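This report concerns only the one structure given below.
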Amino acid sequence: MTRRRHSLGWRAGNGFGPALTATIAGILAAPGAGWAQTAPQAAAETGGLQEIVVTATRHEESLSRVPLSVTALTQDSIDIRGIKDFQDVARFTPGVNIDNSGTNNISIRGIASTAGAGTTGIYIDDTPIQMRALAFNPDDALPKTFDVERVEVLRGPQGTLFGAGSEGGTVRYITVQPSLSKFSMYSRSEVSYTQGGEGNYEVGVAAGGPVVDGVFGLRGSVWVRRDGGWIDRVNPETLAVEDSKANSESSALVRLAGLWQMNEQWSMTPSIYYQYRMRNDVSSFTGQNHWVAVNSLSDPGSDRYVSANPTPRDEPDKFYLPALKIEGDLGKVKFISNTSYYNRTNITGYDGTLYNLGFYQSLLNSDCGGTPCYPGFDPANYPLLDANGVHLPASVAGYRAPASVENHQQNLVQELRLQSNDPGSKLTWTTGLFFSENRQSYLEQIYDPMADNFFMNLAGMSAGDFFTGCAVPIDANGNCATGFQPVPLLSNGDSYLLHTDAKDTQYAIYGEGTYAFDEQWKLTLGARFSRTKFTNDTLTAGPQLFVPGAQTQSVEQSENSFTPKVSLSYQLDPKNLFYATYAKGFRPGGGNNPVPYAACAADFDNFHLTAAPATFNSDTVQSYEIGAKNNFENRVRLATSVYYIRWNNIQQTVVPPICQISWISNLGTAVAKGADLQAEIIVTPGLTLEVAAGYTDARYTKDSKIAPDADPVVHDGDAIVGQSGQPAPPFTGSVGLEYKFNVGDRDSFVRLDYEYQGAPKWLGAAQDPATVQFNQWNYTLGATSFFTLRGGINVGGWEIAAFVDNLFDSHTITNYNFTIAPDNTLFAPGDPRGIPLERDFTFRPRTFGLTFTFRK
C-alpha cells in the first residue's frame, strides 16, 4: 500500500541490432578511429581498446565474449567520469533510468513498478539488498562507488542466476578483494563549490596487502563525503529563512575484508561493509509557477532555490553487511559458500503539515446533503493551502504536523554453489542452492499535537468530535456513514499510524550450463525453481481513518516459480559475437495493508468494490533478445541488442483519487520493446569517443479494471511508470569525448560528457483522463541535457583533475509532486486558490571542483 502518493509523490521502436552493425562499422572504422567504456586511458597508452573481465555469468569472462547486454565500469573509468553513485552510473548506461526524487527506483528496459517487490536486483558482491515496497517511499540503498573493482549493470531478466526481483536486470557492486601477494593503495579526495550553494568535500583511502605472505591478507577502506546544500527552507507564513542551504548531505563508508588461505584448496574471506548517509532536508523546491503572491520564491536562473515546506525533514540511512565467503578448489570443480546478513534502517517521510492542511480543508469544506458538514467552519478561511502557499488564520498560525516513514530491513542469505573449474572444457556450468529470509518493518506516523486547537478554532469542536463517520458522505445524496464513535488522537499524539511487519522466505535451486559444439557455436541452458512465502502483519490506527480503535490484518501467501533461460551464441571470429536469448524473470506477490471503508467509501463505490484485496500475486516477464558484439581492428567496438519483453500480471499501485489510501493489484499486461547501443571508438591515437544510447517503448497493451463495469485503472497504451509516477523517457543517450596528451612528460587528459533524456511520448495512468487514477494537475516532463567537463594531469602516482559538473547550469525540471488540490470548482479557471502547491526537483546547480586520486 503506497499511501497518499497523490498528495506527496504523484508527479504527475526503432533500434540498433546486428543488422545495423556492419553499416555503423563502415562509417566509423577509418584508420585512427576505440572505446572508453572500460579503460580509455589504457587504450591511449597501448594504441588499442582494453578488455575487461566480468563475472556476469558467475564465471570470469571477457566482456566481449559474454552473450549478455552488460555495461561494466571499473574504478578507473568511474573516477575519470566523476561517478559518485548510481545516479551517475545511469547516465552512461543505455536503457537505464533512476528516479531522482527520493525513492532511488531503478528502471531497466522500461521494467519499473510503483509497488510490490523490486523489479531490479541490487547486489553487493553476492548479497541482494533491494527492498520490497510495503507502503510509501521504498527507498533502495545505493552503495557509493569508492574502492570498487567494478560496477556491472546486466540488462534483461536475470531470473536464473540472480533470482527473484531481477525482472528488468541486475546491478552488481563488486568490491576490491584482499591480496596475498601484493600491497596496493587507493585514495580519492575532492573539494568543490556549488554555484549559489555551499562547498563540498570528499576524503577516502583504501589499502591492502599480505599480512602473512601467501597465507593471510587484509583490505580496508574509509571514506567520507559532504555535499553542501543549495536550497533554502523558509517559513511558509512569514517567508523568513529558517535553514539556509538546508538540503546538505553527509555520507560515510567503512569496509574491512580479510583473506585466509587455509591450505592449497580452501580459503576464507570474512568482510564487513558499513555505509551511512544523512540528508539534512529534502531537495525539492517551490516551483516558479507557484507562490505567485510573492512573485515566486525560487529563481533557478539566478541560482535561487527555496523550499517552503513547513516541516524540516532529515533522512538518515545506514546499513551494515557482514559476510563470509568460503571457496574450495576441488580440481575440476569449484565450491563456493556465501553467508551474509544485511541490516538497514532508513527514515524518510513527507511533509505532514502540508498533507494535513490539504486533507483537512477538503473535509472542513465538504457538503453533506446541501448543508455544510461543519457549520463552524468559516468559508472565508478556505482554502488553507493552494498554489499561493499556506493561509492560516491567526488562531491556528504556526500549525505543524511532522510525519515520518521508517523502513527497517534484515536479510539473511545463504548460498552454496558448485561450478566447473576448467575454462578449457567444452561444458561450463554452475549449479547452486539459495536461501534467504528477508524481514522488513514499516512505520508511518503523522504526529499531530496541535489537532485539538486546530479543529476547535476552525470547526468549533475537538479533533475527536471532528473525526466521526459523519465526516464522510457515502452516496450522491450526501448521506453519511453512521454509528461511529468519536476518534481521538492516539496516546502519543498521532493522527495516523501504520505499522507493518513482513517476512519473505525464499528457497531456490538453480543451474546454468554452456556447451561449446565447436569454436563458434555455444548453447546455454539454465533454470531456477523457487519456493517463496510471504507473511504480512499490519496495524493501522488514528482518527484520520475515521474508525475507532486499531485495525489489524494478517495475510500469508506461498508461490512456486520456474524461470528458464535459453541462449545460442555464434562466435564468427575472435572479434565478432552474435547471440539470441530467451529468459524469464519474476517477483513474488505479497499482502496489502487494510484500507478503511469509512475513509474510502466514495472510491470503493466508484471502483465497484466493497473492500480492497488482501493479497496480490507474483508477476513475470518473458524476454526475447538478439545482440551482437563486434570489434574492428581493436579501434572500434560495438555492443548492440534489440529486445521484446512481455510483462504479465503486473503489480501496480491503485491510488483512489478521493481518499488516496492506496493498495496493490495485479493490473494486466504490458510490452517493453527497444534497442541498446554502446560504441567505443579511437578516433585518433589520443582521441577517444564513446556513445551509449537506448530506446524503449514500454506500455500497457490493454485496459485493466478493478471491476468489469468500472473505468480502467490503467488504459491500453498507457506508459509503465515507476515510483516517481512519471513515464520513463523513451530515448536516452550519452556521448563522451576524451583527449589524452602530454604536458612535458606528464600524461594529461581533457574529457567532455553529455547526457540526454528525451521527453516521454506516452501518458502514465495518472495523466490519462480515461483512467480512474487521472489527476488533472499531472503533466509530462520535458527533455533534459546535462554536461560535465573534466581535465587533469598525472604527477607521480597522483592524478589531479579539475571539473565542472552541470556545465551549462541546467535547471530543467526532472520531477515534481503536488499537495492535495483544493476544490477548483469553487474558483475561476487559473485562480491559484483552486490549484495545488507544486514542489519541483532539478539538477544540482553548476559545481566547480578539484579531484585528487592516488594509486599505488
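Data table
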| read-out | value |
| --- | --- |
| For GLY736: the one exception among (1) open to solvent by 40 Å² or more (accessible area, probe 1.4 Å); (2) modelled with pLDDT of 95 or more | (1) |
| Residue, modelled with the lowest pLDDT, within segment 41-84, restricted to residues that are open to solvent by less than 10 Å² (accessible area, probe 1.4 Å) and more than 16 Å from GLU149 (Cα to Cα) | ALA43 |
| Flag if SER662 is among the small types (Gly, Ala, Ser), open to solvent by less than 10 Å² (accessible area, probe 1.4 Å) and closer than 30 Å to TYR360 by Cα | yes |
| All positions within segment 220-275 that are part of a loop (DSSP other than H, G, I, E, B) and out of contact with any Asp or Glu (no Cβ under 9 Å at 6 or more places or on another chain) | PRO236, GLU237, THR238, LEU239, ALA240, MET262, ASN263 |
| Pick from segment 303-326, criterion open to solvent by 40 Å² or more (accessible area, probe 1.4 Å) and assigned to a strand (DSSP E or B), ranking: farthest from GLU198 (Cα to Cα) | ILE326 |
| Residue that is farthest from PRO138 (Cα to Cα), among those in segment 341-353 that are out of contact with any Lys or Arg (no Cβ under 8 Å at 6 or more places or on another chain) and open to solvent by 10 Å² or more (accessible area, probe 1.4 Å) | TYR341 |
| Search result, residues across segment 665-690 that are in contact with a Gly (Cβ under 7 Å, 6 or more places away or on another chain) and within 11 Å of ALA639 (Cβ to Cβ) | ASP676, GLU680 |
| Which numbered condition ASP378 fails, given (1) open to solvent by less than 30 Å² (accessible area, probe 1.4 Å); (2) at pLDDT below 90 | (1) |
| Residues satisfying the stated conditions in segment 545-583, i.e. under 27 Å from SER665 (Cβ atoms), surrounded by 22 or more Cβ atoms within 10 Å (Cβ to Cβ) and under 31 Å from the mean Cα position of the chain (by Cα) | LEU545, THR563, ALA583 |
| Some residue of segment 770-786 being over 30 Å from THR114 (Cα atoms) and of a type outside the set (Val, Ile, Thr) | no |
| Residues of segment 416-451 classified as part of a loop (DSSP other than H, G, I, E, B) and open to solvent by 20 Å² or more (accessible area, probe 1.4 Å), total | 8 |
| Residue within segment 148-161 that is surrounded by fewer than 24 Cβ atoms within 10 Å (Cβ to Cβ) and under 28 Å from ASN593 (Cβ atoms) present | no |
| Test set (1) in contact with a strand residue (DSSP E or B) (Cβ under 6 Å, 6 or more places away or on another chain); (2) within 25 Å of ASP494 (Cβ to Cβ); (3) open to solvent by 20 Å² or more (accessible area, probe 1.4 Å); (4) aliphatic (A, V, I, L, M) - LEU412 fails condition number | (2) |
| When residues of segment 166-180 are limited to those that are small (Gly, Ala, Ser) and either in a strand (DSSP E or B) or modelled with pLDDT of 95 or more (or both), the one least open to solvent (accessible area, probe 1.4 Å) | GLY169 |
| Of all residues making up segment 186-212, the number that are under 30 Å from SER267 (Cβ atoms) and either modelled with pLDDT under 95 or surrounded by 15 or more Cβ atoms within 10 Å (Cβ to Cβ) (or both) | 10 |
| Selection from segment 384-415 of residues that are hydroxyl-bearing (Ser, Thr, Tyr) and outside any strand (DSSP E or B) | SER395, TYR399 |
| Evaluation of SER340 against (1) in a strand (DSSP E or B); (2) out of contact with any strand residue (DSSP E or B) (no Cβ under 8 Å at 6 or more places or on another chain) (one fails), failing number | (2) |
| Scope segment 533-544; condition open to solvent by less than 60 Å² (accessible area, probe 1.4 Å) and either in a strand (DSSP E or B) or among the β-branched types (Val, Ile, Thr) (or both); matching residues | PHE534, THR535, ASN536, THR538, THR540, ALA541 |
| From the options THR771, THR851, residue that is part of a strand (DSSP E or B) and open to solvent by less than 20 Å² (accessible area, probe 1.4 Å) | THR851 |
| Some residue of segment 588-606 being acidic (Asp, Glu) and over 18 Å from ILE664 (Cβ atoms) | yes |
| Scope segment 502-532; condition open to solvent by 70 Å² or more (accessible area, probe 1.4 Å) and either touching a helix residue (DSSP H, G or I) at 6+ places or on another chain (Cβ under 8 Å) or assigned to a strand (DSSP E or B) (or both); matching residues | TYR507, ILE509, TYR515, TRP521, LYS522, LEU525, PHE529, ARG531 |
| Test: residue in segment 607-615 that is open to solvent by less than 10 Å² (accessible area, probe 1.4 Å), touching a Gly at 6+ places or on another chain (Cβ under 9 Å) and closer than 22 Å to THR119 by Cβ | no |
| Conditions (1) at pLDDT 90 or above; (2) open to solvent by 10 Å² or more (accessible area, probe 1.4 Å); number of the one not met by PHE827 | (1) |
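The values are calculated or read from the model by the stated rules, or taken from the named source; none is laboratory data. As the structure is a prediction and not an experimental result, all values here were calculated from the model. All Cβ positions, even for glycine, are placed from backbone atoms using ideal geometry, and neighbour counts span all protein chains on display. The protein model used for the area step is the full one, side chains on, heavy atoms only, and it has no ligands, DNA or RNA in it. Shrake-Rupley method; radii C 1.70, N 1.55, O 1.52, S 1.80 Å.
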